[in-house]
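In what follows, a structure is listed as structure tokens, so that the remarks can point back to it.
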Amino acid sequence: MHFQLTDDQRALKAGVRALLAGRFGREALRAAADRPGVLDRALWRELGEAGFFALRLPEAEGGVGLGLPEAVLAFEEAGRALLPGPLVATHLAAGEVAGAATGETVVTAASGGLVEWLTEADVVRGDATGAVPLVSVDPLTPLHRLPRSPEASPDVFPDASAGVSPGISAGVLPGVSPGGSAGVSPSTSAGALPGGSAGVSPGASADDEPDPVAVLLTAAEQLGGAARTCELAVEYARTRKQFGQPIGAFQAVKHLCAQSLVRVETARAAVYAAAVTVDPLDIAAARLLADDAALRGARDCLQVHGGMGFTWEAETHLFLKRAWVRTQRMSSNTYSDELLAADLLSGVG
Amino acid sequence: MDLSYTPEEEEFRARLREWLDKVLPTLPPKPSPADWPARRAYDLGWQRMLYDAGYAGLHWPVDAGGRGATPTQHLIFLEETENAGAPYVGANFVGLLHAGPTIAAEGTPEQRARWLPPVLRGEEVWCQGFSEPDAGSDLASLRTRAWRDGDDYVVSGSKIWTSHAEVADWCELLVRTDPDAPKHKGITWLAMPMDAPGITVRPLRTLAGSNEFAEVFLDEVRVPVAGRVGAENDGWRVTMVTLSFERGTAFVGEVVACRRVLRELAREARRNGRWDDTPLRCRLGRLNAEFRALWRLTQWNVSEAEQTGGVPGTGGSVFKLRYSHARQELYDAAAEVLGADCLDLDRPWVLDRLSSLSYTIAAGTSQIQQNIVAERILGLPKGR
């Protein structure tokens, strides 16, 4: 057991961080926030060239041939940089949708009753028929709301009372391997954008059976956001002075920062482990901890920034709003709670 | 990132499992928690069995009589013994996890030869004389005095929260030998025989009703200078060498135990109908996530310790903060499952719930741990 990053993994993480710092630094982030709804296609192609989307595609198919742990590290960095766009959906479409792997095609997905970046996407996976735009709380994530069919239940919970896990029980998922591409359920319909130019992909994952890999990569983004808000809070607490000393010298502020780090480190262990095991229960746990770390981390960061935290100038609100968006992606947190509850009654005894 | 174990580690696990299967049924029944002499005998008996089987001091260095096991092997040992329901380290806690490693790291050859073998063989029990009524979290403000008189130190003062004091043979004692020095500089580490004249042990009753620890009063107790580990006035550094060990792997077995308790709670909830309560069910699911993550964090910290030569880092404080709160949440959830029965001390988990209240206080309060994390890991300035 060597549950630490390998040298190659460290190098990959550092490489992605450097790429994003150079190409999507603070200035670019501010500019993007002031220009809502416009996706930087050039950046998308650069990500494609760097292998961000083709990371898990086998080399024989023109990919990088790496595994889920590496993808998680890359998505953590994307979350840290607050990189906008339907990154998870495009990454999952690599090898299945032409041009996704290279960043030529922007792919989004209908999930959780919402579609991110619908008008900017070339391909939408899942049924986006009748989607209507809403005024997104996150200036960096345009959103459409999906019409809810009356017979559809928002979430299909595992049958907890029966004491068994649902179809995706413990163990490695069929169709998903750490080195391969995500399994996609082929049964659901796909729809073209109303009046748009988007293509239609064959096959998409259904809303009620969340693709665990998509859940995990979203959790990785949440982890990155949580880690960054912890850093921002600490940086501010070290430099901002009140009552003649840095506010970080005050225990109340210190404790906010410490709690933030504790949430990040615990979530990190859970997310990385889930990337190694690809166990749906590990993924559910990772998601719950990462969501919590991201949401509370951003709130505490805002609090540490005091009045500045409530302004548009401080980036904290962008982290909080993106964290909110990501918690709505795929299934609800309750789905993950129920999955993990059902696990407690499974197995021997 | 690799969570699989090597063939050697799996072999180690298999042999340990086989041994546990064989010896655990031969153990005598567990003594009553109130019967200290019986508890001492039981815990020392278990230590002797470990010694005879070659598992004593697994994580101690070989030149200190240990097995020099890797942190991963130690993790497997703690995981398997807990899973098998083996006894806890109990009265051997301070000797095996604290005083022993301190003497191994800082003692003279004579001191190592005198004190380490009896700990490993299960012949002597140690207790910890660190805390005082006015020196808990602020340990360095301790006031128990010691002054030289020939070949002895003469010690006067009092200690508190001393577990196993009633049955201990030795006490790892921190005393102030230079009252004029800065508070971290004038402290000395002594091995004090608990049968020396002038020692009075007064048991303290906890809120759980048990006598888990005691106050120890010291009235001109003579401790031979030969029992001083490290230099005079260098006791703080000696202590810091080993304090991190306590926070590294001390809770491994407990995390395994908590995961088992959580499964038992779910079954009890299904039995008594509380499982149909969706918020409660989700709360148990969330705790499942919590303890899975804590187990992963343990594996992460152990792997890191392996890389850094076995010394646990400040990650121990992160773990301790999270775990101590999670444990309390677990038993609060247990109360929710039990309903009105949570007021019945004869029911399972009720006493555990009371005991869990100490976890955010003992071994450094959560508030102090947060200061440690903020100052030593995050680099925030010292202050108030």
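The values are calculated or read from the model by the stated rules, or taken from the named source; none is laboratory data. Note that the coordinates shown come from a computational prediction; the quantities given were computed from them, not determined experimentally. So basically every Cβ, Gly included, is an ideal-geometry build from the backbone, and we count neighbours across all protein chains shown. These area figures cover heavy atoms from the full protein model, side chains too; ligands, DNA and RNA do not enter into them. Shrake-Rupley method; radii C 1.70, N 1.55, O 1.52, S 1.80 Å.
For chain B, give the percent of accessible area contributed by carbon and sulfur heavy atoms, probe 1.4 Å, rounded to a whole number. Could the numbers behind the result be given before it?
On the way: 8630 of 16540 Å².
After summing per-atom areas, the C and S share lands at 52 percent.
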List the pair-distance distribution P(r) of chain B, using every Cα-Cα distance, as the percent of pairs falling in each 20 Å bin from 0 up to the bin containing the longest distance, rounded to whole percents. 25, 59, 15, 0
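Among the listed pairs A:LYS241/A:LYS321; A:LYS321/B:LYS320; B:LYS159/B:LYS183; A:LYS254/B:LYS320; A:LYS13/A:LYS254; B:LYS183/B:LYS320, give every one whose C-alpha distance is greater than 24 Å.
A:LYS241/A:LYS321; A:LYS321/B:LYS320; A:LYS13/A:LYS254; B:LYS183/B:LYS320
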With the full set of protein chains present, the residues of segment A:208-243 whose 1.4 Å probe accessible area falls by 30 Å² or more relative to the chain alone are A:VAL234, A:ARG238
Quick one: net charge of B:GLY198's neighbours, Cβ under 12 Å, K/R +1, D/E -1? -3
List the residues of segment A:308-349 whose accessible area drops by at least 30 Å² when all protein chains are present, compared with their chain alone, using a 1.4 Å probe and counting only protein heavy atoms. A:ASP337, A:GLU338, A:LEU340, A:ALA341, A:ASP343, A:LEU344, A:LEU345, A:GLY349
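Leaving out ligands, DNA and RNA, what percent of the accessible area of segment A:217-349 is carbon and sulfur, probe 1.4 Å? Before the final figure, lay out each step's value.
On the way: 2280 of 4120 Å².
The computed percentage sits at 55.
Which whole-number percent is the relative contact order of segment A:222-349 (Cα, under 8 Å, 6+ apart)? Intermediate values should be presented prior to the final figure.
Numbers: 144 pairs, mean separation 37.9, N = 128.
Result for segment A:222-349 is 30 percent.
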Hey, with R₀ at 35 Å, roughly what FRET efficiency would B:LEU351 and B:THR308 work out to, going by the Cβ-Cβ distance, to 0.05? 0.40
The answer for B:LEU204, listing residues at least 5 apart or on another chain whose modeled amide H is closer than 5 Å to its amide H, is B:PHE213, B:ALA214, B:GLU215
Restricting to lysines and to Cα separations under 25 Å from B:LYS22, and discarding same-chain partners fewer than 8 apart, the set is B:LYS30
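Which whole-number percent is the relative contact order of segment A:23-113 (Cα, under 8 Å, 6+ apart)? Write out the running numbers ahead of the final one.
Details: 103 pairs, mean separation 27.5, N = 91.
RCO, segment A:23-113: 30 percent.
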At a probe size of 1.4 Å, how large is the accessible area of A:LYS241, to the nearest 10 Å²? 130 Å²
Mind grabbing the interface size between B and A? I mean buried accessible area, both sides, 1.4 Å probe, in Å² to the nearest hundred. 4900 Å²
Defining a contact as two alpha carbons under 8 Å apart and six or more residues distant in sequence, what relative contact order in percent does segment B:179-275 show? 29 percent
Calculate, for the protein assembly as shown, the solvent-accessible area per residue in square angstrom, rolling a 1.4 angstrom probe over the heavy atoms of the protein chains. 41 Å²
In order through segment B:275-281: 3J(HN,Hα) via Karplus (6.51 cos²θ - 1.76 cosθ + 1.60), integer Hz, x for Gly, Pro: 4, 6, 7, 4, x, 5, 4
Can you give me the % of accessible surface on segment A:2-115 that is carbon or sulfur? Probe 1.4 Å, all protein chains present, nothing else counted. 54 percent
So what's the protein assembly as shown giving for Cα Rg divided by 2.2 N^0.38 Å, two decimals? 1.05
